[in-house]
1. Name the strands (runs of 3 or more DSSP E) wholly inside segment 1-83 in which the number of residues that are closer than 21 Å to residue 114 by Cβ is 1 or more.
2. Please verify whether segment 140-154 includes one or more residues that are assigned to a loop (DSSP other than H, G, I, E, B) and over 23 Å from residue 56 (Cβ atoms).
3. Mind checking which pairs have a first residue in segment 58-86 that is surrounded by 19 or more Cβ atoms within 10 Å (Cβ to Cβ) and a second that is part of a loop (DSSP other than H, G, I, E, B) and among the acidic types (Asp, Glu), Cβ under 7 Å, 6 or more apart or different chains?
4. Restricting to segment 187-217, name every residue that is within 19 Å of the chain's Cα centre (by Cα) and either small (Gly, Ala, Ser) or in a helix (DSSP H, G or I) (or both).
5. Please work out which one of (1) free of Cβ contacts under 8 Å to residues at least 60 places away in the same chain; (2) surrounded by 15 or more Cβ atoms within 10 Å (Cβ to Cβ); (3) in contact with a Phe, Trp or Tyr (Cβ under 6 Å, 6 or more places away or on another chain); (4) under 16 Å from residue 212 (Cβ atoms) is the condition residue 106 fails and give its number.
6. Considering only segment 147-180, state which residues are of a type in the set (S, T, N, Q) and under 11 Å from residue 241 (Cβ atoms).
7. Could you check segment 87-118 and list, in sequence order, the residues that are over 26 Å from residue 3 (Cβ atoms) and acidic (Asp, Glu)?
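The values are calculated or read from the model by the stated rules, or taken from the named source; none is laboratory data. Given the structure is predicted, the values throughout are model-derived calculations rather than measurements. Because the Cβ atoms are built from the backbone with ideal geometry, glycine has one as well, and the counts that use them run over all protein chains shown.
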Amino acid sequence: MFTFEPANYIENEAKDSVFFVIFDQSILSFSNENFIRPITQDELTWSFIEEKERHFLGYLNKQPCFVILSEKNQCELENSIFIDMRSALGRMPDQLFDVIARSIQIINWSKDHQFCGSCGSTMKKHDKERAMECSNCKGQLIYPRISPCVITLIYKDNEFLLAHNKNFPPNFYSTLAGFIEPGESVESALKREVKEEVNINIKNLEYFSSQAWPFPSQLMLGFYAEYDSGELKPDGEEIDDAQWFTVETMPVNIPPANISISGKLIENFINKI
């Protein structure tokens, strides 16, 4: 069982610290273990990992927890291997998903803000806040950016709508989702996305839950919505197939409920029928 308390600043690094190690978009794991876990201070010492940067994440089981960006995808620990972050999702215990998502987003934010967008000078980590500070512009701070998205399961009586995105594997279906545009409310974004992607109108929006999704830095806001009107028609650009399903006819390949808010929306709806 893991408990995680996010934090942005630590006075002194303790000897009992633990570390997640990332290279590019892959994370350090062990081929002889079922789940991804952080490594200990001793393991880090003997890993001979070439550390490019590190960031404090907070406290994992009351131990200081850091993410390290490695210069290379090399580690001397036995059975160690770097695996692609998306393929690692099924090997993350539920309680570790949030801290690993935080790791990925902070590393990506740091890599993308090495230089000031106003003057081009080098940015550096702020001493106390989770921010990058320009070495030239006084008071110019860049905080991690989050991209809010809406995701919805649309229902009609006991039927629910799932769609196949052109970028999905064959026969893989999921709920509809999209980014919130500047100036939009969550509700208007949801209605617009559904209309654009499958040409139908929705009503009775009901908030379900949210999830941080680190590919690259999204906050997924999950909703249920009832079908209102319109003829189902995929846009052909992003969505190439969309269908009404029942529990008996639902596709085999859908997002897993243990790691995806889309899967949780589907599972929860089925359980309420």
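1. Result: 18-23, 26-30, 51-60, 63-70.
2. Taking every residue of segment 140-154 in turn, none turns out to be assigned to a loop (DSSP other than H, G, I, E, B) and over 23 Å from residue 56 (Cβ atoms).
3. 64/13; 70/50
4. Scanning segment 187-217 gives 209, 210, 212, 217.
5. It is condition (3) that residue 106 fails.
6. 165, 171
7. If the condition is that a residue be over 26 Å from residue 3 (Cβ atoms) and acidic (Asp, Glu), then 112 is the only one that fits.
To keep it simple, each residue is scored yes or no on (1) surrounded by fewer than 16 Cβ atoms within 10 Å (Cβ to Cβ); (2) over 25 Å from the mean Cα position of the chain (by Cα); (3) at pLDDT below 95.
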position	(1), (2), (3)
220	no, no, no
225	no, no, no
233	yes, yes, no
251	yes, no, yes
265	no, no, no
